[in-house]
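Read-outs throughout are calculated quantities, based only on the coordinates presented, and are distinct from any laboratory measurement. Here the structure is a predicted model, which means the values were calculated and not measured. Cβ placement follows ideal geometry from the backbone for every residue including glycine, while neighbour counts extend to all protein chains displayed.
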There are 2 protein chains.
Amino acid sequence: MAVESSGATRKRPSMDDVAAEAGVSKAAVSKVIRNAYGVSPAMREKVESAIESLGYRPSISARSMRGSSFTVGFEIPQLANDFFTQVMQGAADELAGSGYQLIIAPAVGEVKGAPVLDALVDRRVDGIVAISPEVSPGWLERLGSSVPLVLLGRHDAAAHYDTVTNDDARGAQMVMEHLFGLGHRRIAHVTVGGSAEVPEDLLPHTIRRKTYAEAMAARGFVPAVTTSGPLEPEGYAAGLKLLSASVLPTAIFAGNDTLAIGALRARAELGLSAFDVSIVGYDNIDLASHPMMSLTTVDQFGRQSGSTAIKLLLERITAGRTQAVHEMIAPELRVRESTRPVTVASR
Amino acid sequence: MAVESSGATRKRPSMDDVAAEAGVSKAAVSKVIRNAYGVSPAMREKVESAIESLGYRPSISARSMRGSSFTVGFEIPQLANDFFTQVMQGAADELAGSGYQLIIAPAVGEVKGAPVLDALVDRRVDGIVAISPEVSPGWLERLGSSVPLVLLGRHDAAAHYDTVTNDDARGAQMVMEHLFGLGHRRIAHVTVGGSAEVPEDLLPHTIRRKTYAEAMAARGFVPAVTTSGPLEPEGYAAGLKLLSASVLPTAIFAGNDTLAIGALRARAELGLSAFDVSIVGYDNIDLASHPMMSLTTVDQFGRQSGSTAIKLLLERITAGRTQAVHEMIAPELRVRESTRPVTVASR
DNA sequence: ATGAAAGCGCTAACAG
DNA sequence: CTGTTAGCGCTTTCAT
């Protein structure tokens, strides 16, 4: 009787319809779907079968006007980056089965992070995980005081949001020691341009760059920094420029694996190999371990970062934690074949 | 006066607050933010400055209860696949500046497509783009009759949703001709398992597999199909199995590039090269053109598919089109170095 | 051109 | 344990 099979598009049933079908009040239905306290087994039974037979699904829009949306937003600055993909996977896996739905909002083209974060808040997500290298700490503090917020890849000593990051200084230091140990002196660095909004020492790329420059200076070598966009083709362009110069670097430390893959592309295209110029990345994306790529890099445990971020967020959402937590993951160097001892010829 | 700088978290302003601040009615404010007909310049001016000074942002949840949510949902079955990333990029770029926000909902782990599509509808998105190889045509027809819907990678002759796909039979045919032309006879195929819910001839992977099997049979060769999961490690496992057998295939046609990269990993790890066994993929992800990978594959223009899907969706959303459109993109073979003429030794 | 009022589908007191 | 009653912040008739 509740089942109609007419072809017409019928309005989706509301809570009122369920209440009517079950012969109970709206409030009762609400309690059942929320597993709230105070429903008799009989009531639950009636309501559930009404829900079933009507195919009722609660409107999240309506729910979120009073209660929660059971939705977690994840803002990313870029789609074409396997490291971010890895992080998102960790987050998605961690969130699975929690009753919350993950929605990913990419900041694409000219749109920086803040408008996307706003868009998420406008949609009343219960919490936000973000990778937002473009947004100022002040702006984030304000956001964090009105919605549970976890930032990935930020070294902010924030009061109103959590952070999950890796020790970029340590990671970059390991890279430099590795290269120095191989005898390299003319080491170039490719970095991703930061934002004027954000202090230098808060962002992975600027910390890596700074660590690089200091390590070079400490040995009396001349730092050579190339600023690049974040995409593989841009890493390729940077690599092409460096490897077409009159005097080549013996090694390139790319700010991340995506750029390193681009640099490898340039190196291979110019007929060069690891014996001519070493290349190091940062992130340890899955591709880095591929034997045909074999990229020396720094593992910063993307999946784990993603899942940690969700854990922290859920603490804020469900347990109501309000004190900020800042997690720092210890990075590990992965030495592979893209780096070689410097040769006599190239020295 | 409207600007307060207390540290306390103040409630975000509602339309009522704006109306009060501007000294007009709620309805007037609503008209202004919707650019609706019938607002005097003076009114618009007053309202806009009130919005500005209060930092007002409309609640999408509330709006979507009567009107629209200005949100487009994109469901994907997998995060770790560069082809999907490419498609999403095309979609994101096409949607940029349209006033709609893109939200991506991944179907992760055990969760198949349908629950995620439901979650999107529960959140009242204005339209959905989906890559859902697991959902039956009937289910999709029902969904499509209640919300604008575009499916990628489906060959369904659907009445209530649009499709954007490539000619998989043609693409697979080109692969087989290429391999036959190089003298290959023992060609193995790695496919992604389909769903019992969906007829064989509607899905890219099953069409490619069928085309492969027919092409082999037509030449009197024995088809050898390995079914695999969709992840790179699974492609690797399949490759490892095939390449550790007592009699090796001379070529492997992988169902997509992700699997092919996995197969390449196995090949390289076993100390084999294209001279021993050729490997072909399908998709032409960016990595395929990398000189260190150089994967022969079929270009199915992911970015273009994504942008086409959004165009079609917007036609349904804004222009109210209701007649289904089915777009088929012509694939192109990209011959690279992962395939070689069969050698005397391996023949 | 503007505003008052009803209502979208739900949750949250509060009564009974 | 159950139902009634207000809203949540918008959009939408319908008057004015």
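Remarks
- Label spacing, shortest first and in nm, from B:Val222 to its equivalents in the remaining copies (7 angstrom along Cα→Cβ): 6.6
- Residue-averaged beta-carbon neighbours from other chains (10 angstrom radius) around A:145-158: 1
- Within segment B:78-143, GluC sites (Glu not before Pro) in DSSP loop having at most 11 other beta-carbon neighbours inside 10 Å: B:Glu110
- Across segment B:178-195, rounded Karplus estimates of 3J(HN,Hα) from the backbone phi angles (6.51 cos²θ - 1.76 cosθ + 1.60, θ = phi - 60°) give 4, 5, 4, x, 8, x, 6, 10, 8, 9, 9, 10, 10, 10, 9, x, x, 10 Hz, Gly and Pro being marked x.
- Secondary structure note: in chain B, about 10% of the DSSP beta bridges are antiparallel.
- Vicinal HN-Hα couplings computed from phi for segment A:227-232 (Karplus, 6.51 cos²θ - 1.76 cosθ + 1.60; Hz; Gly/Pro x): 8, 9, x, x, 8, 3
- Amide H contacts under 5 Å for A:Ile252: A:Ala188, A:Ser278, A:Ile279, A:Val280, restricted to partners 5 or more places along the chain or on a different chain, H placed in the peptide plane at 1.01 Å from N.
- Antiparallel bridges, percent of DSSP beta bridges restricted to the protein assembly as shown (to nearest 5): 10 percent
- Residue order, fewest to most beta carbons within 10 Å, for B:Val247, B:Val111: B:Val247, B:Val111
- The radius of gyration of the Cα set in segment B:73-115, together with its Dmax, comes out at 11.3, 35 angstrom.
- Cα-based equivalent ellipsoid of segment A:79-158: semi-axis lengths in Å, sorted from largest, via gyration tensor: 19, 16, 13
- Remark on A:Ala224: its backbone amide H falls under 5 Å from those of A:His189, a criterion applied only to residues 5 or more positions apart or on other chains, H modelled at 1.01 Å from N.
- Averaged over the residues of peptide A:88-100, the number of Cβ atoms from other protein chains lying within 10 Å of each residue's Cβ is 3.
- If R0 is taken as 25 Å, the Cβ-Cβ distance between B:Val225 and B:Ser289 corresponds to a FRET efficiency of 0.35.
- Taking only the C-alpha atoms of segment B:236-313, Rg followed by Dmax gives 14.6, 51 Å.
- Alpha carbon centroid spacing (whole Å) that separates segment A:15-37 from segment A:168-222: 60 Å
- Descending principal axes extents, the protein assembly as shown, alpha-carbon based, whole Å: 78, 69, 54
- Here A:Ile128, B:Ile329, A:Ile103, A:Ile207 are placed in order of increasing Cβ neighbour count within 10 Å, fewest first, which gives B:Ile329, A:Ile207, A:Ile128, A:Ile103.
- The modelled label-to-label distance between B:Ala319 and B:Leu240, using points 7 Å beyond Cα along the C-beta direction, is 5.1 nm.
- Placing a label point 7 Å from Cα along the Cα-to-Cβ direction at B:Ile33 gives distances to the equivalent points in the other copies of 2.4 nm, listed shortest first.
- Annotation note: GluC sites (Glu not before Pro) in segment B:250-347 located in DSSP loop regions with a Cβ neighbour count of at most 10 within 10 Å are absent.
- Its convex hull of Cα atoms gives segment B:282-347 a direction-averaged projected area, equal to a quarter of the hull surface, of 6.3 nm².
- A straight Cα-to-Cα reach below 22 Å connects A:Lys210 with the lysines A:Lys241, residues fewer than 8 places away in its own chain not being considered.
- At q = 0.09, 0.15 Å⁻¹ the log10 of I(q)/I(0) for segment A:1-159 amounts to -0.44, -0.87, computed by Debye summation with a single uniform scatterer per C-alpha, solvent ignored.
- Charge context of A:Leu313, other residues only, Cβ under 13 angstrom, K/R +1, D/E -1: -3
- FRET efficiency estimate (nearest 0.05) - Cβ-Cβ, A:Leu182 to A:Ser98, R0 60 angstrom: 0.85
- Segment B:305-340 and segment B:69-138 have Cα centres separated by 15 Å.
- What separates the B:Arg185 label point from its copies, with the point 7 Å along Cα to Cβ, is 6.1 nm, written shortest first.
- Counting only the Cα atoms, chain B fills a convex hull of 168 Å³ per residue.
- The mean number of Cβ atoms from other chains found within 10 Å of a Cβ in peptide A:101-112 is 6, as a whole number.
- Against the empirical 2.2 N^0.38 Å (N residues), segment B:116-259 has a Cα radius of gyration ratio of 1.21.
- The helix-only estimate of mean residue ellipticity at 222 nm for chain A, built from DSSP H runs of length n ≥ 4 each weighted as -39500 (n - 2.57), is -12500 deg cm²/dmol after division by the residue total.
- In Hz, Karplus ³J(HN,Hα) per residue of segment B:69-80 (6.51, -1.76, 1.60; θ = phi - 60°; x = Gly, Pro): 9, 6, 9, 10, x, 10, 9, 10, x, 6, 8, 8
- Across all Cα pairs in segment A:120-205, the calculated P(r) in 5 Å bins from zero up to the longest distance comes to 3, 13, 21, 19, 14, 11, 8, 5, 4, 2, 1 percent per bin.
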